[in-house]
Amino acid sequence: MPHTGERSEIEQLTTGPAMQREVSDAALPTTDQTVEETTTPEQGQLASLPTGQADSSDDAARAVGSILTHGSSPGRLAARRVELPWAPDATCFTIEHVLSDDECEQLIALSERRGYELALVNVGNGVQVAMSDVRRSSRWMVDSESAADSLWRRIERHVPDVVAKSRRGKGATAGWYASGLNERLRFLKYSPGDYFAPHQDGTFEAKGQASQMTVMLYLNSAGKGGETKFLNDWDGSKTVNVVPRRGLCLVFDHRLLHEGALLLEGVKYAVRTDVMFERRS
Ligand SMILES: O=C(O)CCC(=O)C(=O)O
């Protein structure tokens with residue numbers, strides 16, 4: 001899987017009545033990377049901070065890898081489609097029990113020991129900023145290839161490749177094939193009053209691979225509120241909620257408009273990563 005320093009992130013920002021900027025903290029682009037279609041938010045909203053980097057400690061990466069590689073195998077898991085009437089062809093599904101209770105508890109404890117910081121918004125060109133109108137929550141980021149591989153083995157049979165429908169069944173195989181998970185794991189923590197406003201997720205590319213789907217892993221069942229909410233792209237009038245439950249995994253196309261709804265009570269913990277795809281012709 002890609003290494004952090006080689007990844008670039010492409011953010012295609014969207015405007016509309018219910019939409020906020022496309023935001024992602026997948027990776028910080030470096031100087032040899034190409035960032036396309038970035039937009040700078042109004043200066044008044046920005047407060048550049050020297051944070052937003054992954055935890056670079058080897059111990060942290062080893063610890064998260066060790067929790068997931070030593071956890072009990074979840075066996076054969078069933079996926080359930082999340083029906084979005086306005087996007088019938090979109091990929092959006094959940095899988096229960098991808099993480100065991102014990103793994104969730106250990107991951108929460110580890111993340112708390114390492115410490116959370118304010119979740120920033122990546123606006124491109126390596127700039128991460130605090131934008132409280134878009135996002136209010138905390139995060140801890142760590143890169144772990146072994147953890148990503150372990151998680152990928154649990155869900156990969158459910159993740160579709162992206163091959164043009166019209167060409168399926170006619171011997172054509174060109175398209176984007178799911179190749180693994182982004183090793184950058186973003187631990188998210190929401191306290192009462194926290195949220196992540198409606199947005200679409202950014203794609204990033206590395207080594208010929210590009211992310212196209214978002215993966216959320218819920219580490220606990222949040223108290224009240226805090227759903228991951230999908231919104232109708234046109235006017236936001238219709239919504240479908242996924243309620244966080246310990247061990248539940250949610251996979252969906254980056255392009256789907258969604259939000260982390262306001263948390264009313266309790267604390268919500270989740271891990272966010274992405275499915276990487278490689279092009280085959
Ligand atoms: O916390 C959530 O439920 C959603 C998080 C999210 O939208 C994201 O990380 O892109």
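We did not get these values from a lab; they are worked out from the coordinates using the rules stated. This structure is a prediction, so every number in the text was calculated from the model and none was measured. Virtual Cβ from ideal backbone geometry, glycine too; neighbours counted across all protein chains shown.
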### Message
Please list, by residue number, everything in the stretch 133-147 whose backbone N is under 17 Å from a paramagnetic label point 7 Å out along Cα→Cβ of S100.
### Response
147
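So how much slack lies between R157 and E117, counting 0.36 nm per residue of separation and subtracting their Cα-Cα distance, in nm? It would help to have the intermediate numbers written out before the result.
Values: separation 40, 0.36 × 40 = 14.40 nm, distance 3.41 nm.
Extra length from R157 to E117 when fully extended: 11.0 nm.
If I take R0 = 41 Å and measure r between the Cβ atoms of S191 and R80 in this structure, what FRET efficiency does the formula 1/(1 + (r/R0)^6) give, to the nearest 0.05? The partial results should precede the final answer.
Working: r = 29 Å, r/R0 = 0.71.
In this case the efficiency is close to 0.90.
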### Query
Q212's amide H: which non-local residues (gap 5+, or another chain) put their own amide H closer than 5 Å, with H modeled 1.01 Å from N in plane and none for Pro or chain starts?
V275, F277
### Query
Quick one: if you stick a label point 7 Å off each Cα along the C-beta vector at D149 and K224, how many nm between them?
4.5
### Query
Out of residues 5 or more away from T203 or on other chains, whose amide H comes under 5 Å of its own, with H placed 1.01 Å from N in the peptide plane?
I10, Q12
### Message
Can you list residues from other chains, or at least 5 along the same chain, whose modelled amide H is less than 5 Å from the amide H of V267?
### Response
G223
### Task
Return the sequence-ordered ³J(HN,Hα) values of the stretch 140-146 in whole Hz as given by the Karplus equation 6.51 cos²θ - 1.76 cosθ + 1.60 applied to θ = phi - 60°, using x for Gly and Pro.
9, 10, 9, 9, 9, 5, 5
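With +1 on the Cβ of every Lys and Arg and -1 on the Cβ of every Asp and Glu, and nothing else charged, how large is the dipole of the stretch 181-221 about its Cα centre, in debye rounded to the nearest 20?
Values: 4 positive and 4 negative charges, 21 e Å.
Dipole of the stretch 181-221, to the nearest 20 debye: 100 debye.
Place the peptides 150-160, 196-206, 234-244 in order of packing, highest mean first, counting for every residue the other Cβ atoms within 10 Å and averaging per peptide.
Details: 150-160: 17.9, 196-206: 22.8, 234-244: 15.6.
Highest mean packing first, the order is 196-206, 150-160, 234-244.
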## Note on the structure
Scoring only Lys, Arg, Asp and Glu (+1, +1, -1, -1) among other residues with Cβ under 9 Å from the Cβ of Y218 yields +3
## Note on the structure
Where a ≥ b ≥ c are root eigenvalues of the Cα gyration tensor, a/c under 1.5 meaning rounded, otherwise prolate if a/b exceeds b/c and oblate otherwise, the stretch 161-281 counts as prolate
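Sort the stretch 233-281 into rounded, prolate or oblate with this rule: let a ≥ b ≥ c be the square roots of the eigenvalues of the Cα gyration tensor; rounded if a/c is under 1.5, and if a/c is not under 1.5, prolate when a/b is larger than b/c, oblate otherwise.
Values: a/c = 2.99, a/b = 1.36, b/c = 2.20.
Judged from the Cα gyration tensor, the stretch 233-281 comes out oblate (a/c at least 1.5, b/c at or above a/b).
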#### Entry: Separation of the S281 and N241 label points, Cα + 7 Å toward Cβ, nm
4.7
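How far, in nm, would the chain grow between W234 and D59 when pulled straight, counting 0.36 nm per residue and subtracting the alpha carbon separation? Present the calculation step by step, with values, prior to reporting the outcome.
Details: separation 175, 0.36 × 175 = 63.00 nm, distance 4.53 nm.
Extra length available between W234 and D59 comes to 58.5 nm.
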